[in-house]
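As C-alpha cells, the structure follows; a few thoughts come after it.
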Amino acid sequence: MGSNSSSMNNIPNAEQLVQETGFSAAHILRLYERFQFLDKDDTGQLRPEDFGAVRELAMNPIGDRIISAFFSPGQETLDFASFVRVLAHFRPADSNRTRDGAQPEPANSSMRKLKFAFQLYDQDRDGKISRAELLQVLRAMLGMQVTEEQLQSIAERAIQEADFDQDDAISFDEFRKSLEKVNIDHKMSIRFLS
Amino acid sequence: MAALWTLSVLLSACLLWPVCLALTPPAELPQPHNLPPLLGFNSSDGSPSVDLPMALRVFSVDYHHVQAPFEIVLWIMLASLAKLGFHWSGRVPAVFPESCLLIMVGLLVGGVIYGVRHSAPPTLSADAFFLFLLPPIVLDAGYFLPGKLFFENLGTILWYAVLGTLWNVLGIGLSLYGVCLLAQSSLGDVSLLHCLLFGSLIAAVDPVAVLSVFQEMHVNEQLHILVFGESLLNDAVTVVLYKLFESFLRLPSVSGLDVLLGGCRVVVVGLGGLFVGLFFGLLAALTSRFTSRAQVIAPLFVFLYSYLSYLTSEMLHLSGIMAIVTCAVTMKQYVEANVSERSNTSIQYFLKMWSSVSETLIFIFLGVSTIQDVHMWSWPFVCSTLLLCLAWRATGVLLLTAVVNKLRRNTVTFRDQFIIAYGGLRGAICFSLVFLIDDFPKKRLFITTTIVVILFTVFVQGMTIKPLVELLDVKRKKRALPTVSEEIHSRLIDHLLAGIEDVVGYWGQHYWKDRFEQFNRKYLRRFLIREDHQAPSSILRVYQELERREQRRDEEAPPIEDPRSHSRPLLPEEMDSIRRILSRNLQNFNKKTPAYSRHTLHQDTTMDKTRKPLYRHHSLGERYKYNTITHWPQGEDGEFNGSHRVRAGLCRSHTVCAVGPRPVLQDSSAPAASAQRGPADPKSAATKEDQVFPQNQAPVGGEAPKKQLSFVLENEKQP
C-alpha cells in the first residue's frame, strides 16, 4: 500500500466527494489507498493499463468493458474523483433518504445502477442495445460453450422477449422492464461500501 | 374416504395380531434355525402339526425362521398403508399434518399391542433410528437442497443454528435446574448436569418434523431455507453438547478446561463431518464418471457413498448429518451430469421413497413408543419444560434476528421470526437421545417429558402453524417469471459486480462465488464429469428449455400461425419451468420439480419427448420440424424399445450448419437422416412441411441462415 500518511488532507476535494457520493470519510480514505495502489507510477491518474494489475479482472469475461466504463468517452486518464464517482453507483441505497426535489438523483439509485449496466452493453452510446452489441456480450460471457448459431438464437430470443416497440433493439426502458423482477439494489450493491 | 382409511389401518392392525401372539420380547433376536433337517422331520417350533417322527409334513408354519424380516416388513407395510389412507381420506389432510396422523396411528397400534400382550410394545431403539431411519431423510433433504439459496443465507443459518442452539440449551437447562430447586421435594435429585443434559436434547429442532409440516405450507423460500438449514446444522451443536454433558456426568468433577475442550469439540465435530462428506461426495462424483457401461447400478453409488459417509463420521464421533448433507450437495451436480436420465430419475424416486418410508416409520414408532409400561409424571417439570422451550426459543429468535438484520440485505421480518420460533418442532432425535442416557432415578421422567414435548410440538404447533401463517400473512413464495433476457442481464450484473469488487479489492460474496465457479469449471468439472457431458451455461439451458416447452405445447394443440407476432409472450407453464431451472443451475433437462417439495416428485411427463419431433424456433415465425427419429439407425419411426438412441452431448459438434441447402446432421447416421428430410417425412404433420427449408437469404440482420439448430441433445447415450 502507499507509504504516504493516509489522512483526508491529502485527498483533493475530500469533503465535496463525501457530499456528492454519500461515502463516509473512512470509505473515501480506503478508496484512496486503493487508488494509490493501482496507480503504480504515482501520477495521480489511472490509465487503463493500471487496471491490469487486478489479475482477476483479466479473467472476467466483461473485464475490458468494466475498465472502459470507468473512463468517460474520449478520456484517457482517470483521476480519483471520477474513480469514486463511478464506484458510488455500487453503494447500497440509503433507506431513509429524504426526497428533496432540488437534489439530483444520487449515484446509487436503482435507475443509475441500471443505467450503468446498460452502458456496459451499449458501447456506442446510442441509447439502444443493438443485436450486434448483445451478441458481443453474449459471446464474451458464454465463450466457448456455445456455437455461433446458438448464440444468434439466444440473442434473437432475448430481443424478442424484451423488444416491445419492434425496433429490433433494446432501449433502456425495455431493459429496465425486463429486469423489473430483480431486486437491483440487492444485486448491484457491494455491502461494505455502505 | 375416512372409512377407507380406518379400514386399512384396522386391516394392518389385524395383520399384527398373529405377530403379537408369537412375539418374543423385543430385545431378543430370533435364533436362526441351524438345525439340519432330519430325515422327514421338520423341526420347527411353531408348527401346529403333531410331531410325527419319520413322516412328511404336508403343511407347517415356521414363524421364527422369518420373524425378523417379517416383522420389519409388517411395520413398513403398516406405515405405508397408513400413509395411503391419509391421502385418501378427504378433508383430513387439510387440517392435520401427516405427522400427527401417523403418530395417532402409532398410538392406536401401540395400544392394540399393549392390550394383547399386556406389556410394552417394541420401542424405537436408538441404534435403529440413528443408523437406519435417519440417514435416508437427511440424504433426501440434502440432495434436494436449493444450493444457491442455502449458501447465500449460510451466515444467517449458522448464526441461528450455533448460537441459537447454545442459547436454548443453556437457557432451558439452567431454568429447569431452577425449577428443580424450587420443587425440591419431588425433583430434588435432579442435578444441574442432568438438567443441562436434558436441555441439550430437548432444545434441538428436528429436521424431520420441521420438513413434514413445512412442506405443506408454502412459505417463501428464504424462510423455508432458514428454518430447514438451521434444523440441519444444529445437529453438530446438539450432539456435541449432549455427549459433552454426558461425559461430564461420568467425570468426578468438571473444570474450566473441560468446558473449553468442549467448545473445541463443537468445531471439530462440525468441520469434521463437513470434510468427511466432501471426501465421499467427490469420490461418488468420480465414480459416477465411469458408470456409462453399467448404468443400472449408477444410482446405487449415490446411496452407498452417502451412507458410507454417514457411517464413517458416526464412527469417528463426528456429525453424521453434516457429513451426509455435504456429501449429497457435493456430488449432486456432477452425478446428475454424468449418469443417464433414467438413472437420475431412479435416484430421485428412490430417495423420495426411502425418506418417505423412514419418516412414516419414525412417526409411527413415536406413537407406539408412547405406550409405555412406566411413565413418571411430574406436573411442574413437564409444564415448565413446555413453557420454557417456547419462551427460550422465542426470545432467542428475537435477539438473534435483531443482530443479524443489521448485516443482511433482506431483513427477516417479524412475521418470519414468528414462524421461525413457532416452527421449531421437536421430533424423533430428542426421543432417541433421551433413551441413550445412562440410567438414573429420574430417567423415566425425562422420557415422559420428552414424549410430551414432542407430541405437543407436533400436534399443537404443527396443526396451528398453518392457520397462524395465514393469519399473519407470511409473504408467499413469489412466482417469478424470469426470461432469457433476465438471465442474461443478471449474469452480466454478476460479472460486473465481481469485477468491481476486484477493482476495489474487496473479497465479497461475488468474489467467492466467481472464484468457486472458475475453480469448478477448470478443475472439478473436467475431472469429475464425462467429457461429453460438460454442462452448458445456464443461459443455454434456459434457451433449450424454452424450445422444449414450445415443442410440447405445440404437440398438444395445433400451432396457430401468426406471422405478425414476433414477440410472443411465453406461456406461464413455460416460464414456471424455466424459473425452476434457473433456481437450480444444474443440467436438469427433464425435471419439473418445484422449488422444494418434500413428498412429491412431479411426474416426468417429458420422458417421452424424445420420441416426438423437436421444433426449432425460427425467428421469422416459421416453424419447421426436425425429425429426431430419423437419427436412429433402425430407421423405424416411433418404434424403439425405449432405449434412447439419440446422440447425447451438447454444443459444438452438434449444430447443424445451415448455410447450405441441405443441413448436415451431426450423427453418423446422417445419410439416413438427410434422406428422410423433406416432404417424404413420414411423421410430420402436414402444416409444417413447406417450411422445412428456411430462406437462406432472409435478411434478418444478415444472420438468418444460422437459425437451424439442433437442440435435441438429451443425456441419453447409446447403451
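Ordering A:186, A:89 from the fewest to the most neighbouring beta carbons within 10 Å gives A:186, A:89. Less than 5 angstrom separates the built amide H of residue A:171 from those of A:129, all sequence-distant by 5 or more or on a different chain. Across the range A:107-189, the relative contact order, built from alpha-carbon pairs under 8 Å that are at least six residues apart, equals 34 percent. Set the Cα radius of gyration of chain A against 2.2 N^0.38 Å, with N its number of residues, and you get 1.15.
So how much slack lies between residue B:251 and residue B:376, counting 0.36 nm per residue of separation and subtracting their Cα-Cα distance, in nm? Please report the intermediate quantities before stating the final value.
On the way: separation 125, 0.36 × 125 = 45.00 nm, distance 2.70 nm.
This chain segment gains 42.3 nm when fully extended.
Proximity of backbone amide H atoms, modeled 1.01 Å from N, is registered between residue A:79 and A:46 at under 5 Å, excluding neighbours fewer than 5 places apart on the same chain.
Here the translational diffusion coefficient of the range A:107-189 follows from Stokes-Einstein with Rh set to the Kirkwood radius across Cα pairs; for 10 °C and 1.306 mPa s it amounts to 119 µm²/s. Calculated FRET efficiency, residue A:82 to residue B:271, Cβ-Cβ distance, R0 = 56 Å: about 0.80 to the nearest 0.05. Oblate is the label for the range B:195-347, because a/c, from the alpha-carbon gyration tensor with a ≥ b ≥ c as root eigenvalues, is 1.5 or above and a/b does not exceed b/c.
3J(HN,Hα) along the range A:39-44: 7, 5, 9, 6, 8, x Hz, from the Karplus curve 6.51 cos²θ - 1.76 cosθ + 1.60 with θ = phi - 60°, whole Hz, x for Gly and Pro.
With a simple spin-label model that places each label point 7 Å from the Cα along the Cα-to-Cβ direction, the separation between residue B:65 and residue A:49 comes to 9.0 nm.
For the pair residue A:33 and residue B:264, a Förster radius of 30 Å applied to the C-beta separation gives a FRET efficiency near 0.20, rounded to the nearest 0.05.
For the pair residue B:406 and residue B:471, the difference between a 0.36 nm per residue extended length and the Cα-Cα distance amounts to 20.7 nm.
Positive-end ranking of A:114, A:170, A:160 along the dipole of the range A:107-189, with charges on Cβ about the Cα centre, is headed by A:114.
If you take the beta carbon distance between residue B:316 and residue A:26 as r and set R0 to 41 Å, what does 1/(1 + (r/R0)^6) give as a FRET efficiency, to the nearest 0.05?
With a Förster radius of 41 Å, E is 0.35.
Across the range A:1-91, how large is the tail of the calculated P(r) beyond 15 Å, expressed as a percent of all Cα pairs?
Here the long-distance tail beyond 15 Å is 60 percent of all Cα pairs in the range A:1-91.
For the range B:341-488, the equivalent ellipsoid derived from the alpha-carbon gyration tensor has semi-axes of 36, 25, 14 Å in decreasing order.
For the range B:97-112, 3J(HN,Hα) computed residue by residue from phi via the Karplus equation (6.51, -1.76, 1.60; θ = phi - 60°) reads x, 4, 4, 4, 5, 5, 5, 5, 4, x, 4, 4, 5, x, x, 4 Hz, glycine and proline entered as x.
Looking at the range B:72-146, what % of the alpha carbon pairs are farther apart than 16 Å? Mind dumping the intermediate values first?
Numbers: 1793 of 2775 pairs.
That tail contains 65 percent of the Cα-Cα pairs.
Mind giving me the nanometre distance, one decimal, between the label points for residue B:119 and residue A:56, set 7 Å out from Cα along Cα→Cβ? In this crude spin-label approximation the distance works out to 6.6 nm.
Laboratory data are not the source of any read-out in this text; all were calculated from the coordinates shown. Quantities reported herein were computed from a predicted structural model and do not represent experimental measurements. Here Cβ is always computed from backbone atoms with ideal geometry, including for glycine, and neighbour counts include all displayed protein chains.
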